[in-house]
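The values are calculated or read from the model by the stated rules, or taken from the named source; none is laboratory data. Every value quoted in this text rests on a predicted model; they were computed, and no experiment measured them. Glycine also receives a Cβ, built like all others from the backbone with ideal geometry; neighbour counts cover every protein chain displayed. Side chains are part of the model used for accessible areas, which takes the heavy atoms of the whole protein and leaves out ligands, DNA and RNA. Shrake-Rupley method; radii C 1.70, N 1.55, O 1.52, S 1.80 Å.
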Amino acid sequence: MADPHIKSPMDSWDYLTVILYRMGFVLSTIMVALIPYKADIAQYGLLVGGVMMASSLHLYMKSFRFLFQFALWVGLLCQIFNMPELALGAVFFTLGGLCYKEYFCFKVIGLNFQPVLLAILWFAIVLEWQIAVIVLSAISALLLLVLSVQKWRMPLHFDIGDKTKYQI
C-alpha cells in the first residue's frame, strides 16, 4: 500500500501506471453501471478495466499483488474458454480486493463493503435476479464513482508511496 506522506521520485513508467490504474477504476465504474442493460459490453469493459488496474498495481506486498493479477489472468482465460460467469467473478474478485485496499490506503468511505456487494452482485447475475442486479450494480457503481473521483483528486505520487518498501 502507498504512503501518501512519502513522495518518491517518479519516472515516466510510474506516471503511466498510476494513470492506467486510475483509468481502470473509471472504466470499471461505467461498466458496473451498464451491467443490467448491456451485460456483454459491460463484461468486456470490466475485463479491460481489470487488466488496466491489475497490470499497473502499486502494492507493497508481492503476494497480494500477484493474487489480484493471477485472478485476472484466470478471468481472461475463462472468458476465452467461454465461461463468462467465472470470468466476471474473477474480475469482481480483483476489483473488490482493490477497493478494499483503497479503503485501507486512503479511507474512502464505503469501499470496505465493496467486495461483499460485488460478490452478491455476481450471485444475482448468475441466478438472474434482475431487480437485485439493478440495485446492486447501482450501489457498486456509485461507490466506484466516489473512489474514482477521490483517486483523481489525489496527487499521483500518493499511489506510489515509498519505493523502497516494494517486494520485488
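Side notes on the structure shown:
- Taking the conditions (1) surrounded by 16 or more Cβ atoms within 10 Å (Cβ to Cβ); (2) under 17 Å from the mean Cα position of the chain (by Cα) in turn, residue 73 satisfies each one other than (1).
- When we screen 85, 128 for residues that are at pLDDT 95 or above, open to solvent by 30 Å² or more (accessible area, probe 1.4 Å), of a type in the set (Asp, Glu) and assigned to a helix (DSSP H, G or I), the only hit is 85.
- Applying the criterion of being farther than 17 Å from residue 153 by Cα and open to solvent by less than 70 Å² (accessible area, probe 1.4 Å) to the residues of region 7-19, the residue that is modelled with the lowest pLDDT is 8.
- In region 25-59, the qualifying residues are those that are in contact (Cβ under 8 Å) with a residue 60 or more places away in the chain and either touching a strand residue (DSSP E or B) at 6+ places or on another chain (Cβ under 6 Å) or not hydrophobic (A, V, I, L, M, F, W, C) (or both), and the one that is nearest to residue 78 (Cα to Cα) is 28.
- Contact map, region 7-24: first residue of a type in the set (Lys, Arg), second residue surrounded by 16 or more Cβ atoms within 10 Å (Cβ to Cβ), Cβ cut-off under 7 Å, separation 6 or more or different chains; pairs are 7/157; 22/151.
- Residue check, residue 78 closer than 20 Å to residue 140 by Cα and either modelled with pLDDT under 90 or of a type outside the set (Phe, Trp, Tyr) (or both): no
- Screening residue 102 on (1) surrounded by 17 or more Cβ atoms within 10 Å (Cβ to Cβ); (2) under 14 Å from residue 29 (Cα atoms); (3) under 12 Å from the mean Cα position of the chain (by Cα); (4) not aromatic (Phe, Trp, Tyr) shows it passes everything except condition (2).
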